[in-house]
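Laboratory data are not the source of any read-out in this text; all were calculated from the coordinates shown. Remember, it's a predicted structure, so these values are computed and weren't measured experimentally. Positions of Cβ are generated from backbone atoms using ideal geometry, with glycine treated the same way; all protein chains shown enter the neighbour counts.
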Amino acid sequence: MRGRRGREKGNFQRLRLPNNKGVSTVHEDHDIFVRSLERETKIKLTFISRKHDREKISLCAPLHFSKSPTGQGQQDCYFFWDFGAKKGSNFLSLSPSQMVRMELTDEVFYTQDFYCFSRSTEKPPKDPDIDE
């Protein structure tokens, strides 16, 4: 699939996952997202930034995969903690079509290191896009 300016969009597919409709759109590297959650290891994430209209690479911790937290739209999103973002904008929400690839790393993360911080100071994004 080609996005704006002829750039390749992320690879995604429809899989049967538990949700209200029985089918979710997930990225082809969804299994890497799940393994990273299970092992608590960081992901090297390549994605298309809507804000900057270009590919970006970030070191992230996977948080969860679900509908948009605002209830706007029914699109499934991947939620991450972006360790490289400016302080206060670490929460990252991406649709499967924005994601180019996910790669497992050996670097461990500890949820308690950022989860309390994110709940007390971060607001969820308005739609499945990035907050940078």
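What to note about this one:
- Arg50 long-range amide H proximity, modeled H, under 5 Å: Ile130
- In this structure, the amide hydrogen of Glu28, modeled 1.01 Å from its nitrogen in the peptide plane, lies closer than 5 angstrom to those of Asn11, Phe12, Gln13, counting only residues at least 5 positions away or on a different chain.
- Sorted by Cβ density within 10 Å, fewest first, the residues Ile32, Ile43, Ile57: Ile57, Ile32, Ile43
- Computed label-point distance, nm, for sites Val34 and Arg54 using a 7 Å Cα→Cβ extension: 3.5
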